[in-house]
Amino acid sequence: MIICSKLTDAGFLKKGAPAPKFIWMHLDVDQIIHLYNGVIRGIGNYYSFVHNRSKMARRVNWIMKYSALKLVAAKYQTTISKIIRKYGADLSKGTKTKLLQLY
């Protein structure tokens, strides 16, 4: 998928696995979610016309979700499972917004 190469260039994917965007580590969790949501919306708008939108959306959702979870886990120097327990899988508990999903 060409989207994977774009996400690799942007730093959200390394060697086929989601990677945290460490440049955003100093921000609050709400700000991190806001930035990830902006990237997700931009990808959704740019690729809105593709015929395999659902396959692309599943892949992008997985990459962005785990990239965000890894970033928040690195920020608090803990594990992803503890972050999921504290904030939920979509980072909605205890924050003002949640991580978006492409459809």
Worksheet item: Mind checking whether some residue in the range 39-57 is within 18 Å of Ala19 (Cβ to Cβ), β-branched (Val, Ile, Thr), surrounded by 11 or more Cβ atoms within 10 Å (Cβ to Cβ) and without any contact (Cβ under 8 Å) to a residue 40 or more places away in the chain?
Response: yes
Worksheet item: In the range 58-88, what residues are polar (S, T, N, Q) and without any contact (Cβ under 8 Å) to a residue 40 or more places away in the chain?
Response: Gln77, Thr78, Thr79, Ser81
Fill in: Residue ranges of helices (runs of 4 or more DSSP H) in the range 15-103 with at least 1 members at pLDDT 95 or above and within 12 Å of the chain's Cα centre (by Cα)
29-46, 53-75
Worksheet item: What residue, of Ile32, Ile23, is farther than 21 Å from Ala89 by Cα, hydrophobic (A, V, I, L, M, F, W, C) and either surrounded by fewer than 15 Cβ atoms within 10 Å (Cβ to Cβ) or in contact (Cβ under 8 Å) with a residue 24 or more places away in the chain (or both)?
Response: Ile23
Worksheet item: Looking only at residues in the range 1-20 that are of a type outside the set (Gly, Ala, Ser) and surrounded by fewer than 14 Cβ atoms within 10 Å (Cβ to Cβ), which one is nearest to Lys70 (Cα to Cα)?
Response: Lys14
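The values are calculated or read from the model by the stated rules, or taken from the named source; none is laboratory data. What you see is a predicted model, and the numbers here were worked out from it, not measured in a lab. Positions of Cβ are generated from backbone atoms using ideal geometry, with glycine treated the same way; all protein chains shown enter the neighbour counts.
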